[in-house]
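Student: What follows is a single structure, and I will ask about it in a moment.
The values are calculated or read from the model by the stated rules, or taken from the named source; none is laboratory data. Keep in mind it's a predicted model, so treat the numbers as computed, not measured. Neighbour counts run over all protein chains shown; Cβ positions are idealised from the backbone, glycine included. Note: accessible area is taken over every heavy atom of the protein model, side chains too, but ligands, DNA and RNA are not part of it. Shrake-Rupley method; radii C 1.70, N 1.55, O 1.52, S 1.80 Å.
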Amino acid sequence: MFKKLFGKKEHVEHLLAPINGQVINIENVPDPVFSGKLMGDGIAILPEEGVVVSPIDAEVIQVFPTKHALGLRTKHGIELLIHIGLDTVNLKGEGFEVHVAEGKSVKAGDRLVTFDIEFLKSKVPSIITPIIIMNGELVEKLEKTNISQANSNETTIMSVYLK
């Protein structure tokens, strides 16, 4: 009500799929840290290819030394974690190639990481890739798109309404 009275505009961030694949509810990820939302809420994708792109215009705030995950921050402060596969930290970077550096600005669709999907499938329990909102305290409402298949840089997977 006060937003309407005082003209504060609601802001929403639309996140595109960072990877082609089958959309999985975060609660169905076979890892209790992700399925229990211990790191935050989000969505997961079972990749069909080994290319991860930025889901939104953002700054790269972290590239894990093991290349299996990275963090992004949007201009409105939403922090995202893209975590490629489960237990992939144990690969110590093998099978991954990072195409960005911390501090770099990226646009939606910019290539972030490529990986050898067949190698990962042979080495880890799952290649499911969670996309997590790390700072949920900024989120008023999180709308997850009800779809089964996502196309990289085309399909909106989540809309994040900020407080």
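Student: Between the range 130-163 and the range 36-107, what is the separation of their alpha carbon centroids in Å?
Tutor: 14
Student: Cα convex hull of the chain: mean projected area in nm², to one decimal?
Tutor: With every direction weighted equally, the projected area is 9.4 nm².
Student: Here's another thing I want to ask about it. Rounded, prolate or oblate: pick one for the range 77-163, where a ≥ b ≥ c are the square roots of the eigenvalues of its C-alpha gyration tensor, a/c under 1.5 means rounded, and failing that, prolate if a/b is larger than b/c, else oblate.
Tutor: Prolate, because a/c is 1.5 or more and a/b exceeds b/c.
Student: Still on this model: Farthest toward the dipole's positive end in the range 19-163, which of H76, I56, V124, given Cβ charges of +1 (Lys, Arg) and -1 (Asp, Glu) about the Cα centre?
Tutor: H76
Student: I would also like to ask the following. Express the accessible area of the chain per residue in Å², computed with a 1.4 Å probe while the remaining protein chains stay in the model.
Tutor: Heavy-atom SASA per residue in the chain reads 51 Å².
Student: Measure up K37/K144; K75/K163; K37/K67; K37/K75; K92/K123 against 19 Å on the Cα-Cα distance and list the ones that go over.
Tutor: Correct reply: K37/K67; K37/K75.
Student: Near K121, which aspartates and glutamates are there with a Cα under 15 Å away, not counting those fewer than 8 places off in the same chain?
Tutor: Filter leaves E48, E49, D87, E94.
Student: Please list, in chain and number order, the residues 5+ apart from M158 or on another chain whose amide H is under 5 Å from its amide H, with Hs placed from the backbone.
Tutor: The answer is L15, T145.
Student: Could you work out what % of the accessible surface of the range 42-163 is carbon and sulfur, using a 1.4 angstrom probe and leaving DNA, RNA and ligands out of the count?
Tutor: Reported share for carbon and sulfur atoms: 44 percent.
Student: Let me ask you something else. Report the net charge of residues surrounding E143, where surrounding means a beta-carbon distance below 12 angstrom and charges are Lys +1, Arg +1, Asp -1, Glu -1.
Tutor: -1
Student: Evaluate the relative contact order of the chain (contact order divided by residue number), counting alpha-carbon pairs under 8 angstrom at least 6 apart; express in whole percent.
Tutor: 34
Student: Same structure again: Which residues' amide hydrogens lie under 5 Å from the amide hydrogen of T129, considering only partners 5 or more residues apart or on another chain, with H built in the peptide plane?
Tutor: Residues meeting the criterion, in which the H sits 1.01 Å from N, are I45, L46, G85.
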